[in-house]
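The values are calculated or read from the model by the stated rules, or taken from the named source; none is laboratory data. It should be emphasised that the depicted structure is a prediction, and the values quoted were computed from it without experimental measurement. Positions of Cβ are generated from backbone atoms using ideal geometry, with glycine treated the same way; all protein chains shown enter the neighbour counts. Accessible surface is based on the protein model in full, side chains and every heavy atom, while ligands, DNA and RNA are left aside. Shrake-Rupley method; radii C 1.70, N 1.55, O 1.52, S 1.80 Å.
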Amino acid sequence: MNNVLSDRINNLSTSQTLAMAALARELKAQGKDIISLSLGEPDFNTPDFVKEAAKKAIDENYSTYTPVDGYMDLKEAICRKFKRDNNLDYKPANVVVSTGAKQSLYNVAQVMLNDGDEVILPAPYWVSYYEIIKLSGGVPVEVPTSVDTDFKMTAEQLEKAITPKTKMMWFSSPCNPSGSVYNREELTAIGKVLEKHPNIYIVSDEIYEHINFSGTFCSIGTIPGLFDRTITVNGVAKAFAMTGWRIGYIGAPEFIAKACTKMQGQVTSGANSIAQRATITAVDADPSVLNDMVAAFKNRRDLVVGLAKAIPGIKLNVPEGAFYVFPDVSSFFGKTLRGKLIANADDFSMYLLSEANVATVTGDAFGNPNCIRISYATSEALLTEAFKRIKEALA
């Protein structure tokens, strides 16, 4: 039936993170004791004060269509948040609220990319960047990094990747899948390269900014000369454990925000009314309300790094943010384990699923074929058990 479907959909890859999560659910339903470390979703509940705001909004009958780009008082709250947490001076006209940060990214790609425009992606990158760019006619240009450089792209690498066709650079900090956090010094060096190329725009995905153990956070939009070329993407999914509420947003130059609103107006219109009202309360809250959750993630990170380093053949760095480790498992490639040949990260990930009953995601999906992504957004007891199984399966 593929000839009935469009080339657009036939050329689009399925999200590997969602595919692995679905496979893990399927095996669980068959009675297998699967520990899933594949999804990027906090295992905490949405804070009670946010839930109360949503209940109040229901009682106050916020049940009609919302403005395409979001309620004005939500956009004002987002501007306060940008100033408080990121030192970015956005006005409501610069802000567009969408159904999740994924839609925010899709809007930006659709309104900015023409066929053949190149987008620089430091690899590893979040799985959907590549496909969204491709779907919008753009050409993803991968800049490979490794565990030895903490999976960060250098200014020199960026310089080499730029061509006359380069239109944008997309990256996340803290990074999904590597947990890397770019510091001000690193972003300043990147800024110096971009100074020479005034027509390149930046998408800075900061959805994990609060799940950050480095002690500081720098938005690239605060680097001199870059504010007017940066689209800052954020949302409440990760920090406030609101993945299912589906609220993301951008801060961007006004002409880009207007274009995104125009696009969204023809596709989904405004985001969910109740979720928007609850988000006002979330973004207005002092980030210190997240301290307990962040501390729990840091403890898990330390636990997982210790457990992973105790397994011969696994090489990893200590990530500074998000809730993932991204170990290099290439030392197993070409080996046969329990009668199964491990040729690549895909094989390794599937081997852990079948032999250890642990679901992870192949690094191939994130642009790094030597690694796998492990999410530690689950209990310490389950993490300990998962690594015990992994260690036994690799012994």
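So the values come out like this:
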item	result
Number of the condition not met by Arg84 [criteria: (1) over 21 Å from the mean Cα position of the chain (by Cα); (2) open to solvent by less than 20 Å² (accessible area, probe 1.4 Å); (3) within 17 Å of Glu209 (Cβ to Cβ)]	(2)
Subset tally (residues that are outside any strand (DSSP E or B) and either in contact with a Lys or Arg (Cβ under 8 Å, 6 or more places away or on another chain) or not small (Gly, Ala, Ser) (or both)) for the range 331-346	6
Subset tally (residues that are over 20 Å from Ala365 (Cα atoms) and surrounded by 19 or more Cβ atoms within 10 Å (Cβ to Cβ)) for the range 1-52	5
Members of the range 202-218 that are part of a loop (DSSP other than H, G, I, E, B), open to solvent by less than 10 Å² (accessible area, probe 1.4 Å) and closer than 16 Å to Val108 by Cβ	Glu206
Scan of the range 238-256 for residues that are small (Gly, Ala, Ser), outside any helix (DSSP H, G or I) and either over 29 Å from Lys167 (Cα atoms) or open to solvent by 10 Å² or more (accessible area, probe 1.4 Å) (or both), ordered by number	Ala239, Ala241
Cross-chain or 6+ apart pairs with Cβ under 9 Å, the range 144-172 first and within 11 Å of Pro122 (Cβ to Cβ), then hydroxyl-bearing (Ser, Thr, Tyr) and assigned to a helix (DSSP H, G or I)	Trp170/Tyr129; Phe171/Tyr129; Ser172/Tyr129
Scan of the range 158-188 for residues that are in contact with a helix residue (DSSP H, G or I) (Cβ under 7 Å, 6 or more places away or on another chain) and surrounded by fewer than 17 Cβ atoms within 10 Å (Cβ to Cβ), ordered by number	Glu159
In the range 275-291, the residues that are part of a loop (DSSP other than H, G, I, E, B) and surrounded by fewer than 16 Cβ atoms within 10 Å (Cβ to Cβ)	Asp286
Any hit, the range 96-116, residues being among the hydrophobic types (A, V, I, L, M, F, W, C) and surrounded by fewer than 19 Cβ atoms within 10 Å (Cβ to Cβ)	no
